[in-house]
Every structure is written in structure tokens, then in C-alpha cells.
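S.K.: This structure is in C-alpha cells; I'll ask about it shortly.
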Amino acid sequence: MARAASWRGTFRHVRRAVLIALVFAAGCGSSPQRENLERPAPPVVMTAAVQDDVIRVSPRAVGAGQIQLVVSNQSDAPQTVTFETDELGGRLGGNRASSSKIPAGGTGRLTIDAREGTYAVRVEDDAIPAARVRIGPPRESGQNQLLLP
């Protein structure tokens with residue numbers, strides 16, 4: 001009986017050692033090295049104010065990348081704001097983003113992944129001229145910046 005208990009104890013230890021070896025062997029695969037890609041540039045927040053006779057945008061020039069445009073509608077009518085490329089016959093297709101309808105006195109937002117070029121910020125009301133925004137070369141990666149969203 002003592003011999004059977006000793007054999008079970010040894011078998012249990014051997015089984016445990018084999019199981020641990022299998023777990024370690026499974027973790028030692030030869031999968032290809034994962035490429036460490038740079039993080040994109042952090043988004044830039046721009047602001048715009050739509051008034052009855054003008055659209056004001058700040059800043060007027062930023063680097064290419066993701067842009068969040070926060071809009072204050074200070075006009076007397078609801079507005080839909082569009083941020084789009086301001087080019088004719090460009091080699092790349094147009095780039096456009098629009099907000100939802102922003103009530104008079106309200107705020108809205110839109111997000112666009114802007115590439116280099118000149119853009120127009122406009123509303124549907126033709127009486128309000130479009131504002132021009134210059135998008136420069138792509139901004140630097142946010143790879144080594146802490147506490148980014």
C-alpha cells in the first residue's frame with residue numbers, strides 16, 4: 001500500500017512537470033517579429049465661430065493629421081459646417097467632413113483626417129463667405145509622448 005501511494009505521488013509530480021514543460025514549449029513559438037509602427041500624431045483641436053457675416057477659424061494653419069473642429073454657431077440660424085479641400089482638379093480626390101446641424105447659439109464638432117493643402121470651412125448659407133485653412137506637412141508622431149488620449 002505504501003508502495004502504491006509512493007508511485008501515485010511520483011506519477012503526480014511527473015504529470016505536473018510534463019504539463020509545465022508543454023506550457024513553456026507552447027509559448028516558445030517561432031512567430032515572425034511584430035513590426036513596431038509609430039503612433040499617429042496627436043489630434044489638433046481647432047475652433048471656429050460662425051457669425052452672421054463671417055466664419056472665424058483658429059489657428060489658421062496646422063500640420064496634416066487628425067483635426068477636431070469645435071464650432072460655435074453665433075449666427076441667428078441653424079448651420080451645418082463643412083471642412084473640405086479647396087482645390088480644383090487635384091491629383092487626389094477631395095477630402096470632406098461635415099457636422100450635424102448646429103442650432104443657433106449652439107456648438108458642434110467634426111473630425112477630419114486632413115492631408116497637406118488648402119481647405120475651406122463653409123456653411124450652407126452663401127451669404128457667409130468660407131474661411132480658408134492651410135494644412136502643412138504631416139505632424140510628428142506621438143510615439144514618445146505620455147498621457148495622450
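S.K.: Answer with yes or no whether residue 140 is within 18 Å of the chain's Cα centre (by Cα) and surrounded by fewer than 16 Cβ atoms within 10 Å (Cβ to Cβ).
M.R.: yes
S.K.: Same structure, new question: For the subset of region 110-134 comprising residues that are under 17 Å from the mean Cα position of the chain (by Cα) and part of a strand (DSSP E or B), which member is nearest to residue 98 (Cα to Cα)?
M.R.: Per the stated criteria, the residue is 110.
S.K.: Then there's this: Being at pLDDT 95 or above and surrounded by fewer than 16 Cβ atoms within 10 Å (Cβ to Cβ) is the filter here; which residues of region 114-131 pass it?
M.R.: Listed by number, the list holds a single entry, 129.
S.K.: Separate question: Report the residue count in region 91-105 for those that are over 17 Å from the mean Cα position of the chain (by Cα) and within 22 Å of residue 43 (Cβ to Cβ).
M.R.: 4
S.K.: Additional query: Being among the charged types (D, E, K, R) and in a strand (DSSP E or B) is the filter; apply it to region 53-85 and report the residue that is farthest from residue 116 (Cα to Cα).
M.R.: It comes out as 56.
The values are calculated or read from the model by the stated rules, or taken from the named source; none is laboratory data. Just so we're clear, the structure is a prediction, and the values are computed from it rather than from any experiment. Glycine also receives a Cβ, built like all others from the backbone with ideal geometry; neighbour counts cover every protein chain displayed.
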